Every structure is written in C-alpha cells, then in structure tokens.
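K.L.:
Dumping the structure here so I can ask a few things about it.
The values are calculated or read from the model by the stated rules, or taken from the named source; none is laboratory data. These figures come from a predicted structure and were not determined experimentally. Quick note on the areas: whole protein, heavy atoms, side chains included, nothing else; ligands and nucleic acids left out. Shrake-Rupley method; radii C 1.70, N 1.55, O 1.52, S 1.80 Å.
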Amino acid sequence: MAVALAAAALFALHLYLGHRRAAGFDPAAFRAAAAGYRAEIVRDRWGVPHIFGERDADVAFGLAYAHAEDDVESYEALLPLYRARQGRERGLEGVRGDYLIQLLGVQEWVERGYDSQLAADTRALLAGYAAGLNYFAAQHPERVERFLYPVRPHDLVVGFAFQHLFFYGFQDHLERLLAPGAVPAGRRRVSNVFGLAAAVLPAGSNAIAVAPGRSADGATRVVLNSHQPLSGPVAWYEAHLVSGEGWNALGGLFPGMPLVAVGATPDTAWSATVNKPDLVDLYRLELDPEDPYRYRLDGEWRRLERRTARLELGLLGNLYWPLERELLYSVHGPVLRTDAGSFALRFAGDGEIRQVEQWYRLNRARDLAGWKQAMRLEALASLNFVYGDRTGNIFFVHNSASPLRPAGPDWSGVVPGDDSRLVWHERLAFDQMPQVENPSAGFLVSANQTPFRVTAEPDNPDPAAFPPELGLPTRMTNRAWRGLDLLGADPAVDRAELEAVKFDHVYAPESRAYRYLSAVFLDEAGSEDEPAALAEGRRLLAGWDRRAALDSTAAPLAVCVLTEEWVAEQKGVRPAPAEEVFRDCIADFERWFGRLELPWGEVNRLERGGESWPLAGGPDTLRAVYGLDPDDDGVLTAGAGDGLFTFVAWHPDGSQRIRSIHQYGSATSRPDSPHYADQAPLFAAQRLKEMTLDEAAVRADARRVYTVP
C-alpha cells in the first residue's frame with residue numbers, strides 16, 4: 001500500500017509540474033497578439049515560401065509561421081539551450097551545458113541591453129517573428145511542446161548572441177580547458193569520417209565573386225555556398241522576404257532568424273565563411289593559498305566575484321532535482337576551476353547582443369557603401385564576407401573582433417593572469433580588417449583560408465601590415481588552393497566554368513590533406529614482405545588521380561585516410577600518423593567490403609525519405625561532402641557540407657538571374673510533405689533550380705497562397 005501511495009503521489013506531482021511548465025501556453029493570448037500582423041505566404045513549385053507583408057515586422061511574422069510549418073521541431077530543440085534549461089531533457093550532459101551558459105551570462109546581456117542596445121525597428125522585427133511562432137503554436141498545438149511557449153523576442157536575441165560564439169570556435173577553448181590533463185593542445189587521434197560522430201562534423205564554407213572584367217559575358221557573379229549540417233537546428237532553410245517598406249531578399253537562414261543570413265537582393269548579394277581567428281584568451285590565475293576566492297593581480301589580492309547558477313536535473317517525466325552551483329568571475333572574465341588550475345576566459349563578443357541588428361542592416365543595404373556601413377556596427381565577432389552587386393563591385397573582408405593585444409606573451413597559449421596590462425579592452429575596427437575591394441584580377445575566393453590569399457597578387461592584403469598578436473589565420477584549405485588555381489587560370493569565366501569550379505572535387509597536390517596521404521605511399525613506406533592488402537592499398541593510393549569522382553575506385557580508401565588530417569586540423573590538434581590511419585582503414589575495408597577498390601559513388605551517398613543517391617565530392621573539396629557511417633558498414637551518408645547554395649548573376653543588360661538548390665527540400669522536418677526530398681535528386685546530380693525576386697514571376701509560379709493570421 002505504501003509503495004502504491006508513493007507512486008500515486010509521484011504521478012500527481014508529475015502532472016502538477018507538467019501543468020506548471022505549460023502554464024504560459026495561452027492560445028487566446030497568442031491569437032490576440034497575432035491580430036496586429038498580416039502576411040501573405042506564397043509557396044512555389046518547390047514549396048519555398050515567399051513572404052509578403054506591408055511592414056518588415058509583418059514579413060517576419062509570416063516567415064516564422066512558414067518556417068514553423070516546415071520545421072518547428074528544430075527551433076524547439078534550441079530553446080532549452082538558449083534558456084539554460086537543457087537539464088530537464090538531457091540529464092547530466094544538459095546540466096553541464098546549462099552551467100556554462102549561465103557562466104557566460106548571455107541571458108543577462110540580453111535582459112540588460114534589449115531596449116537600450118537594439119534599435120526600435122529591430123525590436124519590432126523580433127516581436128513579429130516571436131508572435132508568428134506563438135501563433136503557429138496556437139493553431140497547431142499537436143505539433144509543439146507547449147511548455148516552451150510563449151517564445152519571447154529575447155529568446156531570439158540570446159540565440160544570435162550565443163550561437164555566434166560557436167562560429168569562431170569558442171567551444172574548442174572550453175573543451176580544451178575542461179579536458180582531463182588540460183591545458184596545452186597536443187596530438188589527439190580524431191575519428192575519421194567512417195564512423196564520425198555528428199557532433200564533431202567538420203565545417204567549412206565557400207564564397208566566390210567574379211567581376212564583369214573577368215566574366216566572359218560581362219556579368220557580375222556571386223556564389224553563396226556556406227556549409228552547415230544537412231539537418232537539425234543549424235541546417236539551412238530557404239525563403240524570400242518582401243515588404244512594402246522596401247525589403248526584398250532571398251536566401252538562407254536558420255531556425256529563429258527573422259531575416260536572411262546569406263542571400264541576394266535586387267542590387268546586392270553576400271555570403272559568409274567561417275574564419276576562426278584567435279578570439280579567446282586563457283589566463284592562469286594565481287589563487288591565495290589561504291583563501292581560494294582571492295587571486296593575484298598587479299601584486300595585490302583581488303576577490304573573485306561569486307554568483308549562483310540555478311540548474312534543474314531531470315529525473316522522470318516532469319520530475320526534476322534542483323541544483324545550485326557556484327559561478328566565479330575575475331576582471332578577465334568567467335573563471336573555471338580545473339584539475340590543472342583555475343583559468344579565466346576573455347573572449348570577443350562578450351556582452352554583444354546586436355548581431356541580429358547587423359544582419360538586418362545587411363539585408364536592407366542597397367549598395368556597397370550601405371553594406372559597409374552595416375558592417376561598421378561591428379556586432380559580428382567573426383566570419384569572412386564576400387559581396388557583389390549590380391554595379392559590378394566585388395568585395396572581401398576578413399571580419400573579426402580581434403583583440404588589440406600587447407606584444408610579448410605567446411597569446412596562442414595560456415598567459416599569466418596577474419598582470420592587468422594583459423587584460424585587453426580594444427578591438428580591431430572594421431576599416432582596419434584585412435579586405436580587398438575590386439581586385440585587378442577580377443575575382444575573390446573565400447574558403448576558410450588565410451585572408452592574405454583570396455585573389456591574385458598583388459591585390460591580396462599584406463600580412464606584414466597586421467601584428468601577429470591579432471592571431472589572424474594562416475591556414476590554406478584544399479578548397480582555397482583549387483578555387484584560386486582554377487579562377488586564376490581562366491581569364492574569361494563564363495557561367496558553366498564557374499559552376500565547374502563550384503562542383504570541383506579534386507585535391508590539390510599542395511593541400512595538407514594530400515601531403516598527409518602521400519606519406520602512405522612514399523618510397524620509404526611499406527616493405528617487401530608486408531601483407532598483400534597493405535601493399536595493394538599503397539599501390540592504389542599512389543595511382544589515385546586525386547579526384548573524388550563517382551567512378552573513382554581509389555577515392556574511398558583515400559578519403560578514409562585523409563579525413564583524419566582534415567578533422568584534426570579543424571580541432572586544432574595533430575593528427576595520428578598517416579600510416580596508423582592507413583592500416584586501420586585497410587582493416588575496416590576488408591571487414592566492410594572484402595576489397596579495397598570500389599566506386600566512390602557506391603560509398604558516398606545522399607539519403608532522404610528512404611531513397612539514396614550517389615554523391616561526388618568529399619571533405620575539403622569545393623564540392624564539399626562530409627559523411628557519417630551510422631551503420632558501421634562503410635557506406636557514408638552525407639551529414640554536412642554543401643547544403644543550400646545559390647548562384648547570383650547580374651548581366652550587362654541589367655537583368656538578374658538567381659539559381660539555387662537545397663540538399664533536401666523546403667519541408668525539412670515533414671516526411672509527409674512532397675517537399676521533404678524533392679530537391680535531393682537535383683542536388684545529387686549537381687543541378688540547380690531557378691529562383692526570382694520578381695513578385696509577378698513568383699505569383700505566376702504559385703502553388704499555394706494563404707494569409708496569416
């Protein structure tokens with residue numbers, strides 16, 4: 001009887017807590033708030049939403065509703081993260097993430113600065129988008145997690161501020177700091193693509209601009225090709241946004257974005273690529289042996305600021321255990337205690353919440369001067385940008401909130417925390433950043449490489465003009481080598497040739513990946529009496545033509561080996577020796593396939609809705625494909641890389657042409673929709689669909705038109 005009563009009490013508590021969690025779900029209030037907005041959604045033959053509204057805020061409302069129709073699940077997956085309430089759903093792992101989010105204080109930044117730091121039109125845009133999400137929840141309660149509503153505009157801003165840190169690799173510094181035996185980076189074996197976990201899928205991006213003088217037909221062309229995971233909360237979604245206030249933009253965005261992140265207007269186009277400058281510094285603190293809450297600074301003891309993180313550990317259903325943990329801060333920033341000591345973090349973007357406003361200004365810019373003015377908000381801590389416009393301008397900037405550090409210490413490692421002169425306060429301004437405007441060569445290539453090699457000489461920025469303390473990247477990617485080589489060798493680039501550059505799947509001989517692979521078949525590699533499989537593998541790799549083509553029978557083994565180098569470089573660690581990886585791959589291939597030679601198209605696949613298509617391309621090729629092997633059978637399923645990408649062109653007669661493709665389709669989380677996988681065959685075949693910014697053309701192609709609310 002006692003057990004039964006206890007079970008009944010727990011069940012009653014579960015119901016009570018569930019009711020409390022969902023207490024904010026008020027459909028009547030959501031519908032009342034929606035009455036202040038009106039948007040028309042026009043779905044084209046591909047299901048892509050074209051949103052029309054009188055005001056920008058109306059368009060944001062309609063965008064939220066349309067995106068929720070296709071994928072409300074992805075944004076809902078992000079909300080517990082933004083609210084530091086993952087512990088209820090994800091247990092101890094979620095609690096750890098919640099602690100770190102509260103340590104950074106992103107929510108406090110937003111609550112403190114929302115009204116004072118964001119312009120009124122930006123707040124109106126955010127309010128419209130939040131109202132659209134809440135209205136969708138009211139209309140479709142069966143599709144949503146009620147306890148997550150209402151969504152506040154502040155939630156959206158937290159998302160921008162928090163996710164932006166991860167684009168420049170902030171999480172890598174946390175991982176390094178929290179790893180056992182931290183802190184110096186060193187050799188660490190990273191799983192290659194054959195069995196790579198989704199959480200560590202490598203990232204990259206391509207952006208290309210070709211000026212009229214370099215084009216065979218006098219057109220200005222821009223390729224927007226930012227790489228992301230192919231599904232989930234940071235996968236690309238395509239939309240077209242049109243308002244009576246002059247907003248007209250088409251492009252890609254993530255769940256929770258009330259605007260286009262990379263895209264085109266009638267007059268401009270822009271794309272972003274990850275750049276990862278050194279924007280985080282670790283300071284080793286000297287603590288008082290008699291008082292662990294005091295640290296030494298300039299010969300004196302200072303007291304650490306102490307706050308409390310309030311956390312919730314999910315137990316069963318709605319039952320949870322409340323936890324409290326200490327948060328510590330020095331003048332440098334947040335402090336973490338580890339087995340290796342106590343360290344403070346100082347990072348670019350700390351306290352910055354205006355990312356959404358800068359994206360909004362980029363959307364509304366009409367020319368290069370206006371676009372640069374938007375960039376001078378300096379709210380985006382990182383990301384390269386490539387720009388092109390109707391008048392023939394092309395432009396590159398290595399955007400980064402790089403700290404102006406004093407010379408002396410090795411800023412790539414851990415610096416002393418007892419000297420206030422090392423606590424930087426100023427950053428590089430926009431006009432001081434490496435940038436190239438209208439190079440004489442007439443082309444720009446940004447593929448996550450150093451900002452000092454984005455076009456032909458002599459138009460590249462001079463590295464000597466930038467102090468090493470900025471920590472600007474010096475890496476070259478295979479994609480950069482190939483893009484620069486191909487465009488540099490073509491004095492008159494036409495449409496088809498630019499497409500061939502984008503879909504190139506060759507590894508340059510000077511690339512890191514190919515040099516790493518070459519160690520396997522150099523003259524000193526192997527021996528006369530080694531097993532036949534190893535000798536066969538070396539011969540196969542030595543004869544490889546460096547193409548990740550569908551018919552290449554050496555590409556599967558080559559990619560298995562060279563991916564180790566790519567992923568290790570992404571994580572900032574040394575890869576395992578190529579010989580070690582090669583032997584592991586040989587063993588895996590014998591287990592998986594019983595042979596070493598098989599066409600790459602049989603191994604590298606795009607899968608969606610129960611269908612499968614062969615893919616050319618591979619890690620760090622311009623046709624970027626990063627695969628997973630969820631079944632441990634050697635067959636890869638594309639998980640990141642090329643997703644939504646767009647070709648924009650302005651021709652000498654003034655006409656604009658836009659073509660794009662999405663890896664799956666507009667209904668990103670709706671398997672029952674005809675647009676769940678309708679673009680996948682085109683994507684696999686390297687074909688594009690026509691898009692337009694012209695309202696009459698949009699309406700002529702309409703398949704469904706409806707108004708919300």
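K.L.:
What percentages, rounded to whole numbers, describe P(r) for the range 550-670 computed over all alpha carbon pairs with 10 Å bin width beginning at zero?
P.N.:
Histogram of Cα-Cα distances, whole percents per bin: 12, 36, 29, 15, 6, 2.
K.L.:
Per residue, how much accessible surface does the range 88-178 expose to a 1.4 Å probe? Answer in Å², no decimals.
P.N.:
Here the per-residue accessible area is 37 Å².
K.L.:
Further, regarding this structure: For the range 288-332, state the semi-axes of the equivalent ellipsoid (square roots of 5 times the eigenvalues of the alpha-carbon gyration tensor), sorted largest first and rounded to whole angstrom.
P.N.:
Calculated on Cα positions only, the semi-axes equal 35, 10, 6 Å.
K.L.:
Under a no-solvent Debye model with one identical scatterer per Cα of the chain, what's log10 I(q)/I(0) at q = 0.06, 0.10, 0.12 Å⁻¹?
P.N.:
After summing over all Cα pairs, the log10 values are -0.37, -1.05, -1.48.
K.L.:
Please give the Cα centre distance for the range 457-500 versus the range 111-148, rounded to the nearest Å.
P.N.:
Comparing the Cα centres of the range 457-500 and the range 111-148, I get a distance of 41 Å.
K.L.:
Find the centroid of the Cα atoms in the range 40-94 and in the range 648-709, then give the distance between the two in whole Å.
P.N.:
Using only Cα atoms, the two centres lie 19 Å from each other.
K.L.:
Taking only the Cα atoms of the range 368-450, how large is their convex hull per residue, in Å³?
P.N.:
121 Å³
K.L.:
In whole percent, and with a 1.4 Å probe on the protein chains, what portion of the accessible area of the chain is carbon and sulfur?
P.N.:
Roughly 52 percent, rounded to a whole number.
K.L.:
Using all alpha carbons of the range 213-277, what is the percent of pairwise distances in each 5 Å bin, ordered from the shortest bin to the longest?
P.N.:
Values per bin, smallest distances first: 3, 15, 21, 22, 16, 12, 8, 3, 0.
K.L.:
So if I restrict to the alpha-carbon atoms in the range 438-549, what is the Rg, and what is Dmax, the biggest pairwise distance, in Å?
P.N.:
Reported Rg and Dmax, both Å: 18.3, 58.
K.L.:
So, one more: Please calculate the 1.4 Å probe accessible area of E111, with all protein chains present, and give it to the nearest 10 Å².
P.N.:
Its heavy atoms expose roughly 100 Å² to the probe.
K.L.:
So what is the accessible area of the range 470-612 per residue, in Å², with the probe set to 1.4 Å?
P.N.:
Each residue of the range 470-612 exposes 41 Å² on average to a 1.4 Å probe.
K.L.:
Each residue of the range 208-220 in order: what ³J(HN,Hα) in whole Hz does its phi give by Karplus 6.51 cos²θ - 1.76 cosθ + 1.60, θ = phi - 60°, with x for Gly and Pro?
P.N.:
Result, rounded to whole Hz: 9, 10, 10, 7, x, x, 9, 8, 5, 10, x, 8, 9.
K.L.:
Can I ask one more? Could you compute how much accessible surface E76 exposes when probed at 1.4 Å, giving the result in Å² to the nearest 10?
P.N.:
20 Å²
K.L.:
In this model, which of K372/K571; K502/K571; K571/K689 are farther than 29 Å apart at the alpha-carbon?
P.N.:
Table pairs above 29 Å Cα-Cα are K372/K571; K571/K689.
K.L.:
Ratio of the range 309-457's C-alpha Rg to 2.2 N^0.38 Å, to two decimals?
P.N.:
Normalised Rg, Cα atoms only: 1.43.
K.L.:
What relative contact order, as a whole-number percentage, does the range 21-66 give when Cα pairs under 8 Å and 6 or more residues apart are counted?
P.N.:
Averaging sequence separation for qualifying contacts and normalising by length gives 30 percent for the range 21-66.
K.L.:
Turning to a different aspect of this structure: Each residue of the range 586-596 in turn: what ³J(HN,Hα) in whole Hz from Karplus with 6.51, -1.76, 1.60 and θ = phi - 60°, glycine and Pro shown as x?
P.N.:
With coefficients 6.51, -1.76 and 1.60, one gets 4, 4, 5, 5, 5, 6, 6, 10, x, 7, 9 Hz.
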